[in-house]
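Colleague: Sharing a structure with you now.
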Amino acid sequence: MTPFVILSLLLVLFHSAVAQQNSTACDVQCSYEEDLQETNCDSRQFESIPIECSQSTYLSLRYNQIAEIEPGIFRDFLHLERLILSHNNIYQINANTFNGAYQLEVIDLTYNHIHTFNRDALNGTENLLSIDLGKNNLSSIEGGNFQLALNLKIIDLSSNHLTYLSPAVFQDLKSIKNIFLNNNKLVDLPENIFKDQSSLIYLDLANNFLSSLPRDIFKNLVQINILDLDANRLTAITFTLPTILSLKLRDNELKHLGNASIENWTGRVGNLYLEGNPWACNCSFEPFRSFRFRVSPYCDIRDNPVCASPLVLVNQSLKNVNQTCPLQNISSTTEVTNVGGRNGHISEHSRYSFFALVLPLGIVFYYLW
């Protein structure tokens, strides 16, 4: 054998020995499945990442005491695909935190105390498909945070304290399928925030403080299946909609939906959820009721919204209210009748006044004549 071949064999044997040593050391600290290269280090009171487990493709570190991740610590985790760090004490994610783990596809950072996510935190994670930052303390997300992982399909930012999202936060993420922004404190959203999300299927904005949304905010979501706007403060629907399978509008402050939105909604919404709104069952609701409850074969009201007004229809199902506008006419007729009654009363009084004035004059003329 040539010296080159001998050297190559020695290098292979050396790396194999190092890997074997690391896997043995990892197995001492954690539960390591060598065949699958899966490591479970849950509930071990770790305060740092166990570098002895660098051969893992799956590494779970749930319920430990990790407060900070040293940048570059994953440089030897060349095969790592799934990293679970939920239920720790992590308070920030620094630049280059995951650099080196080039095969990383899934990062779970839920149930930590993260308040800062550096815009270069995902440097070196070009293959990342899913990142879960839910149930942390993030108050804002700037543009550039996710642009180092353009293959992302799932971003979960739910249950944080988000009050602000940069207009560029999801820019260039054209492969994204699911975005979770529910259970935050968002008051408004930039008009172009979803302009690149033509592949988005599920968008969850429930349980925020949204009172209105820009007209064209959803216009590029041409593949959207589910849009969840439950439990916000929406008072009117002013935005246009693409074709969508399910639209959730429960527990808002909607009284009516308005004629303008009907033109954009007809035949576009499959399942509607409308409970928990103070619906006004009068003529302002008639166009929507006519188009959706009776005319459109494409829309199905999946829950049972009820009237909040007028008083005679309180708690009656919107689906069962056959006529709304005539009620207003009846009300108007009643008012006219009442007015007429008052006019009748005034006329009767006028007749008595007339006779009271004319009778004495007649007597006077009789004697003078």
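Colleague: Cut-off is 10 Å between beta-carbons; in what order do T116, T125 appear when sorted fewest neighbours first? Could the numbers behind the result be given before it?
Modeller: Working: T116 13, T125 25.
Final ranking by Cβ density, sparse to dense: T116, T125.
Colleague: Now for a separate question. What does the net charge come to around I131 if you take all other residues with beta carbon closer than 9 Å to its beta carbon, with K and R at +1 and D and E at -1? Could you put the intermediate results ahead of the total?
Modeller: Numbers: positive: none; negative: D108, D132, D156.
Value of the local net charge: -3.
Colleague: Place a +1 charge on the Cβ of each Lys and Arg in the range 33-137 and a -1 charge on the Cβ of each Asp and Glu, then give the dipole magnitude about the Cα centre in debye, rounded to the nearest 20.
Modeller: On the way: 6 positive and 16 negative charges, 91 e Å.
In debye, rounded to 20, the range 33-137 gives about 440.
Colleague: Could I ask something else about it? 5 Å is the cut-off here: which amide hydrogens, built 1.01 Å from N in the peptide plane, fall below it relative to L138, excluding neighbours closer than 5 in sequence?
Modeller: Amide H to amide H, under 5 Å and 5 or more residues apart or across chains, L138 pairs with H161.
Colleague: Search the structure for amide H atoms under 5 Å from the amide H of T116, placed 1.01 Å from N in the peptide plane, and list their residues when 5 or more places away or on another chain.
Modeller: Correct list: I93.
Colleague: So how far, in whole Å, is the C-alpha centre of the range 46-88 from the one of the range 169-241?
Modeller: Taking the Cα centre of the range 169-241 as reference, the centre of the range 46-88 is 33 Å away.
Colleague: As an exercise, use a Förster radius of 22 Å and the Cβ-Cβ distance of E70 and S139 to find the FRET efficiency, rounded to the nearest 0.05.
Modeller: Values: r = 25 Å, r/R0 = 1.12.
Between E70 and S139 the formula returns 0.35.
Colleague: Okay, moving on. What is the distance, in nm, between label points placed 7 Å from the Cα along the Cα-to-Cβ direction at Q223 and at L311?
Modeller: Distance between the two pseudo-spin positions: 5.4 nm.
Colleague: Continuing with this model, one more query. I'd like the Karplus ³J(HN,Hα) series for the range 129-138: coefficients 6.51, -1.76, 1.60, θ = phi - 60°, whole numbers in Hz, and an x wherever there's a Gly or Pro.
Modeller: So the J values, rounded to whole Hz, are 10, 8, 9, 10, 10, x, 6, 10, 10, 6.
Colleague: Between S166 and L245, what is the FRET efficiency for a Förster distance of 25 Å, r being their Cβ-Cβ separation, to the nearest 0.05?
Modeller: Numbers: r = 29 Å, r/R0 = 1.16.
Given R0 = 25 Å and the Cβ-Cβ separation, E is 0.30.
Colleague: Let me ask another. In sequence order, what are the phi-derived ³J(HN,Hα) couplings for the range 306-315 according to the Karplus relation 6.51 cos²θ - 1.76 cosθ + 1.60 with θ = phi - 60°, rounded to whole Hz, with x for glycine and proline?
Modeller: Per-residue couplings from phi come out as 10, 6, 9, 7, x, 4, 5, 10, 4, 6 Hz.
Colleague: Above 15 angstrom, tally the Cα pairs of the range 33-137 and express them as a % of all pairs, no decimals.
Modeller: Values: 3218 of 5460 pairs.
Of all Cα-Cα pairs in the range 33-137, 59 percent lie more than 15 Å apart.
Colleague: Next question. How much length is gained on full extension from K319 to D300, taking 0.36 nm per residue of separation minus their Cα-Cα distance? Show your work: numbers first, answer last.
Modeller: On the way: separation 19, 0.36 × 19 = 6.84 nm, distance 1.08 nm.
Gain on extension, K319 to D300, equals 5.8 nm.
Colleague: So how far apart, in nm, are the two label points at K185 and T24 if each is 7 Å from Cα heading toward Cβ?
Modeller: Reported label-point gap for K185 and T24 is 5.4 nm.
Colleague: Follow-up. If you rank K185, K177 by fewest surrounding Cβ atoms within 10 Å, what's the result?
Modeller: On the way: K185 13, K177 17.
Sorted ascending by nearby Cβ count, the order is K185, K177.
Colleague: Are any of the pairs K219/K255; K195/K319; K153/K248; K219/K319 more than 27 Å apart by Cα-Cα distance, and if so, which?
Modeller: Details: K219/K255 24 Å; K195/K319 36 Å; K153/K248 22 Å; K219/K319 29 Å.
Too far apart for the 27 Å limit: K195/K319; K219/K319.
Colleague: Just going by the charge dipole of the range 33-137, with Lys and Arg at +1 and Asp and Glu at -1 on Cβ, which of S56, N127, S86 is farthest out on the positive end?
Modeller: S86
Colleague: Out of the DSSP beta bridges found with both residues in the range 33-137, what percent are antiparallel (nearest 5)?
Modeller: Details: 1 of 15 bridges.
Close to 5 percent.
Colleague: So what is the relative contact order of the range 33-137, in percent, for Cα pairs below 8 Å that sit 6 or more residues apart? Could you put the intermediate results ahead of the total?
Modeller: Numbers: 286 pairs, mean separation 22.9, N = 105.
After rounding, I find 22 percent.
Colleague: Among L129, L254, which comes first, then next, by fewest other beta-carbon atoms within 10 Å? Before the final figure, lay out each step's value.
Modeller: Working: L129 18, L254 23.
Result, fewest neighbours first: L129, L254.
Values quoted throughout were computed directly from the atomic coordinates according to the rules given, and no laboratory measurement underlies them. All values derive from a computational prediction rather than experimental measurement. Every residue, glycine among them, receives a Cβ derived from its backbone with ideal geometry; neighbour counts consider all protein chains shown.
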